[in-house]
Amino acid sequence: MLDILGNLVTGVPMTLFLTFGALLVGVILGIPICMARRSHHPVLSNLAAAVIVAIRSIPPLVWLFLIYFGLGSGILRLSPLVAALGGLGLITAVNMAEIYRGSLAAIHAGQWEASQALGLPRWSRLVEIIGPQVARISLPAVATYAIGLLKDTAVASIIGVPELAFKGTYLSQQTFKGLEIFAAVGFLYIAMSLPIAWVSRLVDARIRQRVAQ
Amino acid sequence: MNETSATDIRPLVLVEGLRKSFGSHEVLKGIDLSVQRGEIVAIIGPSGSGKSTLLRCVNQLETHTAGTVTVAGVTIGPDSASHDRELQKLRRNVGMVFQSFNLFPHLNVLRNVSIAQQRVLGRSQAEADERSMQLLTRVGLADKAKQYPARCSGGQQQRIAIARALALDPQIMLFDEPTSALDPELGLEVLAVMRELAEGGMTMIVVTHEMHFAEDVSNRVLIMADGEIIEQGPSREVMQKPQTERARQFLSAVRDR
Ligand SMILES: Nc1ncnc2c1ncn2[C@@H]1O[C@H](COP(=O)(O)OP(=O)(O)O)[C@@H](O)[C@H]1O
Ligand SMILES: [Mg+2]
C-alpha cells in the first residue's frame, strides 16, 4: 500500500501545476473577457457572450481532444501539457468572466459615481477602486471553482499528461489492484482540496474582519 | 484658461435651459440656475421632483438632453459628445457628497481622502496624506485615519466623505441629502461641518430635507416640483412667505412631519 501511495504521489506535483496553471491563465484572461461581455459595444458584448456559452457547453474532455488533436495535427505541435493547460485555462477563463460579472453587479453604483465625481482616471477606477472589490467578492466563488478544477485536471490523463489520475490508471493496469489504487488516488485529491478550502476561508475571514461590509 | 479670481462677477455655476429625459420620461423640464461664488443654495421639494438629477447634471454624472451646464468656465452641452477631458476639467472644480457616503470600503480612511489627490492633482503620497490629515482634523476625525470605513459610524463616514471631496480644493460643493441616511444626532455632526464650510465661504448647492439648514444657513432656497423650479428667492422669504400655492402646500406638509 505504501509503495502504491509513494508511486502515486509522483503525480501530485503535475496535478497541482495543472490546477494552478489553468487557474492563473483563467483569472487573468477572465478580466478582458468580462470587460468585453460588459462592453457597450453590442458586437463585442454579443461575441463575448457567444464565446462564453460555446466554451462552457462543450465538455472539457472534448476541448482537450480538439486542442490536442485539432491544433496538434496541423501546423502547431502542442505537447500534451500545453494542450491541457490551454484547454483548462480557456474554460476557467470564461467561468472567471462570469464570476467577475456577478461580483460587479453586486457593487453599489455609488462606488462608480464617487470615483467619477472625484475625477479619478479610468485606469484608477478599474484597478484601484472597482477591481479590488470585485476580487474580494469573487474570492469564495474562485476558491470553489479551484477545487472543482483540481478534480477536472484528471481529464488531462486522456492525452497523456502524467498527473495523478494518469499515474493511477497506469499503475492499476500494471498491478490489477484497481480498488486500492483508486482509493488512494481519491484520498490524494481530498488531501489537496482541503488546504485550498482552508486557505481561502482564512483569507476571506481576514479581509472580512478588516473591511466588514 | 479658466482661471477665475475671487472678484470674478460671472456666476460660478450657470445652468441654462436644462432638460433631462430618461427614455420618454422628462425629469427636468427646462431649469435655469445661476450660482455666484460664495453663495449657498438649498434645493428642496418632494421626492421624485428631480433634485438629485439636477445636481448630478451639474457634475455630469448624468448627461443632459438639452441646454448647457457651465462650471467655472467649462461648458458642457447636451448628451455630451463632450470629451472625457472636458468632463475631467469640469469635475476638477466640483466636489460631491452623496446620501449614501460612498466611501471606498477596501481603503482605509486616509487612503480614501488621499487617493484622488494623487491621481487627479498629481500630489505625492506624502503631500496628499498631509493635506488629508489637515482635513480629517478639521472634520474631527484625525484619530480614524488608519481605520476602515466600516469601523466608522454613518455620521463619521459622511464627514470623511466631505473631507475626501474637499481634498481636491473644489470651487463648489454639491450635497445630495447628506443627512437623510443618518439618525438625527449623527446628522447634526454633519450639518455642523457643513455650517463651518459655509462660514468659510465655500460655494454650495445642497439638496436637503433639513428645513432649518435651508432657512438658516443657505442664502437662497429653490423649491422644485415635477422637474421645474416652482419658487426661488432669499431663504427667509421663500420659507416664511412662499408665493405659490404648491410651495405653500409642500412647506406645510414637511413642517407637519
Ligand atoms: N437613472 C434613472 N433612470 C430612470 N429614471 C430615473 C433615473 N434617475 C431618476 N429617475 C427618475 O427621475 C425622477 C426624478 O428623480 P430624482 O432626481 O432622484 O428626484 P429627487 O432627488 O427629487 O427625489 C424620478 O421620477 C425618478 O424615478
Ligand atoms: Mg434625490
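The values are calculated or read from the model by the stated rules, or taken from the named source; none is laboratory data. Fair warning: this is a prediction, and the values are worked out from it, not measured in the lab. So basically every Cβ, Gly included, is an ideal-geometry build from the backbone, and we count neighbours across all protein chains shown. What goes into the accessible areas is simple: the full protein's heavy atoms, side chains included, and nothing from ligands, DNA or RNA. Shrake-Rupley method; radii C 1.70, N 1.55, O 1.52, S 1.80 Å.
Annotations for the structure displayed:
- Per-pair calculated FRET efficiency, R0 = 22 Å: B:GLU196 and B:ARG236 via Cβ, rounded to 0.05: 0.55
- Whether region B:4-110 is rounded, prolate or oblate, judged on the alpha carbon gyration tensor where a/c under 1.5 counts as rounded: rounded
- Cross-link reach list, lysines versus A:LYS151, counting only Cα pairs under 18 Å and skipping chain neighbours closer than eight places: A:LYS167
- Helix-only CD estimate at 222 nm, as mean residue ellipticity for chain A, using -39500 (n - 2.57) per DSSP H run (n ≥ 4): -25500 deg cm²/dmol
- Per residue, the convex hull around the alpha carbon atoms of region B:103-169 comes to 69 Å³.
- Convex hull of Cα atoms in region B:181-257, direction-averaged projection (nm²): 5.6 nm²
- Mean shadow area of the protein assembly as shown, taken as a quarter of the surface of its Cα convex hull (nm²): 29.2 nm²
- Distance (nanometres) between label positions extended 7 Å along Cα→Cβ at B:ASP79 and B:ASP169: 3.8 nm
- Charge dipole (debye, nearest 20) of the protein assembly as shown; +1 at Cβ of Lys and Arg, -1 at Cβ of Asp and Glu: 1000 debye
- Per-atom-type breakdown for chain A gives carbon and sulfur 71% of the accessible area (1.4 Å probe, protein chains only).
- Contact surface A-B: accessible area buried, both sides summed, square angstrom, 1.4 angstrom probe: 2100 Å²
- Normalised contact order of chain B, rounded percent, pairs of Cα under 8 Å and 6 or more residues apart: 24 percent
- Whether region A:2-212 is rounded, prolate or oblate, judged on the alpha carbon gyration tensor where a/c under 1.5 counts as rounded: oblate
- 0 to 90° range, to nearest 10: angle between helix A:178-211 axis and chain A longest Cα axis: 20 degrees
- Taking the Cα centre of region B:103-169 as reference, the dipole from Cβ charges on Lys and Arg (+1) and Asp and Glu (-1) amounts to some 160 debye.
- Label point distance in nm, B:HIS209-B:LEU188, each placed 7 Å from Cα along Cα→Cβ: 1.9 nm
- Of all lysines in the structure, those lying under 25 Å Cα to Cα from B:LYS89, and not within fewer than 8 positions of it along the same chain, are B:LYS20, B:LYS51.
- Considering only A:LEU150, A:ALA183, A:SER73, the residue lying farthest towards the positive end of the dipole of region A:2-212 is A:LEU150, judged by Cα position with unit charges set on Cβ.
- The Cβ shell under 15 Å around A:VAL199 holds other residues with a net charge of +2, Lys and Arg each +1, Asp and Glu each -1.
- Loop sites in region A:117-206: chymotrypsin sites (Phe, Trp or Tyr not before Pro), DSSP, at most 11 other Cβ within 10 Å: A:PHE176
- Region B:213-253, relative contact order in percent, only Cα pairs under 8 angstrom and at least six apart counted: 31 percent
- Oblate is the label for chain B. Its Cα gyration tensor axes, ordered a ≥ b ≥ c, give a/c of at least 1.5 and b/c at or above a/b.
- Dividing the helix sum by the residues of chain B, where each DSSP H run of 4 or more adds -39500 (n - 2.57), gives a mean residue ellipticity at 222 nm of -11500 deg cm²/dmol.
- Considering only beta bridges that DSSP places wholly inside the protein assembly as shown, some 55 percent are antiparallel.
- In this label model, A:LEU202 and A:PHE187 are separated by 2.4 nm, measuring between points 7 Å along each Cα→Cβ vector.
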